[in-house]
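Participant: Encoded as structure tokens, here's the structure I'll be asking about.
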Amino acid sequence: MEFQQVVGIRRSIRYFEPDKPVEQEKIQKILEACRVASCAVNAHWLKAVVVRRDDIAPADLEKMKNPVQANVIALAPVHIYFYGDPGVVNQIKGSRLKQLHDVGALNPTHGWSHKFVDEVVYPQILKPLTDNPFYPVALAFDCGVAACQGVLMAFDQGLGACLTAFVPEVVAKYTKVPGNWIPFYQLNVGYPAESREAGGQRPRPPFEEQYFLNQYGSSFPRDPKVVKELEASGLFTTPARPDNAERRKEIRDLARRLNLPM
Ligand SMILES: Cc1cc2nc3c(=O)[nH]c(=O)nc-3n(C[C@H](O)[C@H](O)[C@H](O)COP(=O)(O)O)c2cc1C
């Protein structure tokens, strides 16, 4: 699919074909898309553990449910649990920056050398970052960037996906991750049981309230011509509406077929 169409068709899919298996190669492609994401200091804090729902004991799956994700995790055949590994910087120190230097990504034109990494970047930027109380917030941003690429890859392959919260204490029984990893979200993956449109593109706050030019309060001008171009390219699809009778029927049919409350 074209990039803009993938962005446009992605929405949180909460109805999956519960018994339709997802091919291992498609899961791998999701992880590969995460891996090629950009990451501050090339640290790559994001770690992921894939667990097939049917490998989870029913009693544990019950314990993994919370009020906002219970039916999503129950319907999705594949769970990808995302974590951040805060220990990575102390392991790699400046080595991944030196790698970037060696392959011509970080160059002397911009002040980079191995000496610069050892004497400036590691002691003055990287080490203090790990000591900062906001370090987990900073690395969460990087993890989100990477996970987002994986989400888009899922849709590019015709799958559906929805990020949800997870219950780390119960999930850890399966994932067995080191105790210092920070649990973030799980990506629920499967073949959608709902239509690809899934009722349309979900509501968003107005563009003008979110994005600014030069300073806060001065909205970035939204050119209607650009909006039209994005409608044509597929980045914008039909907006979801409360009065969409077709969607209401789709939900009723799904509830009946998947044995969900209505
Ligand atoms: C990090 C993250 C966590 C989320 N957690 C949940 C969740 O626990 N349960 C849920 O139903 N949806 C969850 N969502 C989906 C959002 O509620 C979603 O953005 C919203 O439904 C509308 O946008 P969308 O359909 O375009 O994704 C999460 C989304 C993100 C990005």
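The values are calculated or read from the model by the stated rules, or taken from the named source; none is laboratory data. Small disclaimer: the values here were computed from a predicted structure and weren't measured. Using ideal geometry, Cβ is built from the backbone for each residue, glycine included, and neighbour counts are taken over all protein chains shown. Please note that ligands, DNA and RNA were not included when accessible areas were found on the heavy atoms of the full protein model with its side chains. Shrake-Rupley method; radii C 1.70, N 1.55, O 1.52, S 1.80 Å.
Participant: Which one is nearest to residue 258 (Cα to Cα), of the residues in the stretch 72-97 that are assigned to a helix (DSSP H, G or I) and away from the ligand (no atom under 13 Å from the Cβ)?
Facilitator: 88
Participant: Could you grab the pairs with beta carbons closer than 6 Å, sequence gap of 6+ or different chains, first residue in the stretch 163-181 and away from the ligand (no atom under 16 Å from the Cβ), second one of a type in the set (A, V, I, L, M)?
Facilitator: 174/51; 175/49
Participant: Give the stretch 185-206 a look and list any residue that's closer than 11 Å to residue 13 by Cα and either part of a helix (DSSP H, G or I) or open to solvent by less than 40 Å² (accessible area, probe 1.4 Å) (or both), or say none.
Facilitator: Selection gives 187, 188, 189, 190, 191, 192, 193, 194, 198, 199.
Participant: Here is a further query. Note down all Cβ pairs under 8 Å where the first residue falls in the stretch 228-240 and is within 13 Å of residue 9 (Cα to Cα), the second is aromatic (Phe, Trp, Tyr) and surrounded by 14 or more Cβ atoms within 10 Å (Cβ to Cβ), and they're at least six residues apart or on different chains.
Facilitator: 230/236
Participant: Next up: Report the residue count in the stretch 244-262 for those that are open to solvent by less than 70 Å² (accessible area, probe 1.4 Å), more than 15 Å from residue 74 (Cα to Cα) and of a type in the set (A, V, I, L, M, F, W, C).
Facilitator: 1
Participant: Another question, then. If I go through the stretch 32-71 residue by residue, how many of them are within 30 Å of residue 262 (Cα to Cα), under 20 Å from the mean Cα position of the chain (by Cα) and assigned to a loop (DSSP other than H, G, I, E, B)?
Facilitator: Qualifying residue count, the stretch 32-71: 5.
Participant: Take the residues in the stretch 182-227 that are in contact with a helix residue (DSSP H, G or I) (Cβ under 7 Å, 6 or more places away or on another chain) and without any contact (Cβ under 8 Å) to a residue 40 or more places away in the chain; name whichever of them is nearest to the ligand (Cβ to nearest atom).
Facilitator: 222
Participant: Being open to solvent by 10 Å² or more (accessible area, probe 1.4 Å), within 16 Å of the ligand (Cβ to nearest atom) and at pLDDT 95 or above: is that true of residue 59 here?
Facilitator: no
Participant: Which members of the stretch 227-261 meet the condition of being assigned to a loop (DSSP other than H, G, I, E, B) and either over 29 Å from the mean Cα position of the chain (by Cα) or charged (D, E, K, R) (or both)?
Facilitator: If the condition is that a residue be assigned to a loop (DSSP other than H, G, I, E, B) and either over 29 Å from the mean Cα position of the chain (by Cα) or charged (D, E, K, R) (or both), then 241, 243 are the ones that fit.
Participant: Determine which member of the set 137, 145 is open to solvent by 30 Å² or more (accessible area, probe 1.4 Å), within 16 Å of the ligand (Cβ to nearest atom), free of Cβ contacts under 8 Å to residues at least 12 places away in the same chain and in a helix (DSSP H, G or I).
Facilitator: Checking each option against the conditions leaves just 137.
Participant: Examine the stretch 14-25 for a residue that is hydroxyl-bearing (Ser, Thr, Tyr) and in a loop (DSSP other than H, G, I, E, B), and state whether such a residue exists.
Facilitator: So far as the stretch 14-25 goes, yes, one or more of its residues are hydroxyl-bearing (Ser, Thr, Tyr) and in a loop (DSSP other than H, G, I, E, B).
Condition check ((1) part of a loop (DSSP other than H, G, I, E, B); (2) among the polar types (S, T, N, Q); (3) surrounded by 12 or more Cβ atoms within 10 Å (Cβ to Cβ)) across all residues:
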| position | (1), (2), (3) |
| --- | --- |
| 149 | no, yes, yes |
| 166 | yes, no, yes |
| 177 | yes, no, yes |
| 183 | no, no, yes |
| 216 | yes, no, no |
| 225 | no, no, no |
